[in-house]
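> Handing you a structure now.
The values are calculated or read from the model by the stated rules, or taken from the named source; none is laboratory data. Note that the coordinates shown come from a computational prediction; the quantities given were computed from them, not determined experimentally. Every residue, glycine as well, gets a Cβ built from its backbone with ideal geometry; the counts of neighbours run over all protein chains shown. Please note that ligands, DNA and RNA were not included when accessible areas were found on the heavy atoms of the full protein model with its side chains. Shrake-Rupley method; radii C 1.70, N 1.55, O 1.52, S 1.80 Å.
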Amino acid sequence: GEWKNVALSWTAIYQRFTTLVDTVLLTAADVTEQRLAESERDTEREKNECIADLLGATKVHSLEFLRSMTSLLIVVRQEISDSPSMDTIHNLFIYVHSVKGTALSLSFRKISGLAHNFEHKLYSQRRLGQVTITRKELEAGIDAIEEAVAFYEAIMREVLCWEITEDDLTQSQSRVRA
């Protein structure tokens, strides 16, 4: 068989002239198609928000940021050990804070929001003064940011058809020198 999403609701039917429940009427409605449509709508909304974020920044800055995030997240992932220490939490906090700040400066809301949530978890650990977060939880935070970076990169390539060219690199380097 196939899976279905079902919404359940119930109504109490009372005995005549009393407050005693005589029967409960249970209604089940198949909402599979509705849930699929809602999921597609949410995906399209997320895609459109990402496009708006990218169009608000320059092509070169967007490409440079996403490229640097890929490299930085590799470094961040290498910081994690099976039993994270306070030093690890502190270093991850600094990295994730940088990701958040740079993403915010480019108005990349999805990445900055995920980084903010992860940063808050790391900050809580620092405030506690002890590490209660697991390696798996740390990796989940990094995974979420990596997925968002990959999502932005896919939108740039597949929707906006942005690829970095030698002219882009030359313009970027000349702005840095100026």
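> Mind listing whichever residues of the range 44-54 are open to solvent by 70 Å² or more (accessible area, probe 1.4 Å) and free of Cβ contacts under 8 Å to residues at least 24 places away in the same chain? Steps first, please.
Going residue by residue through the range 44-54, those that are open to solvent by 70 Å² or more (accessible area, probe 1.4 Å) are 44-45, 48-49.
Answer for the range 44-54, where residues must be open to solvent by 70 Å² or more (accessible area, probe 1.4 Å) and free of Cβ contacts under 8 Å to residues at least 24 places away in the same chain: Glu44, Arg45, Asn48.
> Just to check your reading of the model, which residue among Ser107, Ser83, Ser98, Ser71 is closer than 30 Å to Arg135 by Cα and in contact with a Lys or Arg (Cβ under 9 Å, 6 or more places away or on another chain)? Let's see the steps before the verdict.
Working: Ser107 fails: in contact with a Lys or Arg (Cβ under 9 Å, 6 or more places away or on another chain); Ser98 fails: in contact with a Lys or Arg (Cβ under 9 Å, 6 or more places away or on another chain); Ser71 fails: in contact with a Lys or Arg (Cβ under 9 Å, 6 or more places away or on another chain).
Selected residue: Ser83, the only one of Ser107, Ser83, Ser98, Ser71 that is closer than 30 Å to Arg135 by Cα and in contact with a Lys or Arg (Cβ under 9 Å, 6 or more places away or on another chain).
> Another one. Of Leu72, Leu92, which residue is out of contact with any helix residue (DSSP H, G or I) (no Cβ under 6 Å at 6 or more places or on another chain) and surrounded by 16 or more Cβ atoms within 10 Å (Cβ to Cβ)? Talk me through it step by step, then tell me what you get.
On the way: Leu92 fails: out of contact with any helix residue (DSSP H, G or I) (no Cβ under 6 Å at 6 or more places or on another chain).
Within the list Leu72, Leu92, the selection yields Leu72.
> Here is a follow-up. Examine the range 134-150 for a residue that is closer than 19 Å to Val76 by Cα, buried (at least 20 other Cβ atoms within 10 Å of the Cβ) and basic (Lys, Arg), and state whether such a residue exists.
Kept after step one, since they are closer than 19 Å to Val76 by Cα, are these residues of the range 134-150: 134-150.
Add one more test, that the residue is buried (at least 20 other Cβ atoms within 10 Å of the Cβ), and what stays is 138, 141-142, 145, 148-149.
Within this subset, residues satisfying the condition of being basic (Lys, Arg) are none.
Within the range 134-150, none of the residues are closer than 19 Å to Val76 by Cα, buried (at least 20 other Cβ atoms within 10 Å of the Cβ) and basic (Lys, Arg).
> Can you confirm whether Ser85 is under 23 Å from His120 (Cα atoms), loosely packed, with under 14 Cβ neighbours inside 10 Å, touching a residue at least 24 places away in the same chain (Cβ under 8 Å) and not aromatic (Phe, Trp, Tyr)?
Numbers: under 23 Å from His120 (Cα atoms): yes; loosely packed, with under 14 Cβ neighbours inside 10 Å: yes; touching a residue at least 24 places away in the same chain (Cβ under 8 Å): yes; not aromatic (Phe, Trp, Tyr): yes.
So Ser85 fits the description; yes.
> Right, another one. Filtering the range 1-27 down to residues that are among the small types (Gly, Ala, Ser) and surrounded by 11 or more Cβ atoms within 10 Å (Cβ to Cβ), which residue is nearest to the chain's Cα centre (by Cα)?
Taking the range 1-27 and keeping what is among the small types (Gly, Ala, Ser), we get 1, 7, 9, 12.
Among the residues that remain, those that are also surrounded by 11 or more Cβ atoms within 10 Å (Cβ to Cβ) are: 7, 12.
Numbers: Ala7: 28, Ala12: 42 Å.
So the residue we want is Ala7.
> Continuing with the same structure: For the structure I just gave you, tell me whether Gln125 is polar (S, T, N, Q) and open to solvent by less than 60 Å² (accessible area, probe 1.4 Å). Spell out how you get there, then give the answer.
Details: polar (S, T, N, Q): yes; open to solvent by less than 60 Å² (accessible area, probe 1.4 Å): yes.
Against the criterion (polar (S, T, N, Q) and open to solvent by less than 60 Å² (accessible area, probe 1.4 Å)), Gln125 qualifies.
> For the range 95-112, which residues satisfy the criterion of being part of a helix (DSSP H, G or I), within 17 Å of Glu49 (Cα to Cα) and open to solvent by less than 30 Å² (accessible area, probe 1.4 Å)?
Ala103, Ile111, Ser112, listed by residue number.
So that you can scan it fast, the table gives a plain yes or no per residue for (1) small (Gly, Ala, Ser); (2) over 29 Å from Glu137 (Cα atoms):
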{"residue": "Arg16", "(1), (2)": "no, yes"}
{"residue": "Leu20", "(1), (2)": "no, yes"}
{"residue": "Val31", "(1), (2)": "no, yes"}
{"residue": "Ala52", "(1), (2)": "yes, yes"}
{"residue": "Ile94", "(1), (2)": "no, no"}
{"residue": "Val99", "(1), (2)": "no, no"}
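> Arg45 - would you say it is modelled with pLDDT under 90 and among the basic types (Lys, Arg)?
Values: modelled with pLDDT under 90: no; among the basic types (Lys, Arg): yes.
The answer is no for Arg45.
> Do any residues in the range 133-152 that are more than 24 Å from Glu46 (Cα to Cα) have Cβ atoms under 8 Å from those of residues that are of a type in the set (Gly, Ala, Ser) and open to solvent by 60 Å² or more (accessible area, probe 1.4 Å), where the two are at least six apart or on different chains, and which pairs are they?
Arg135/Ser83
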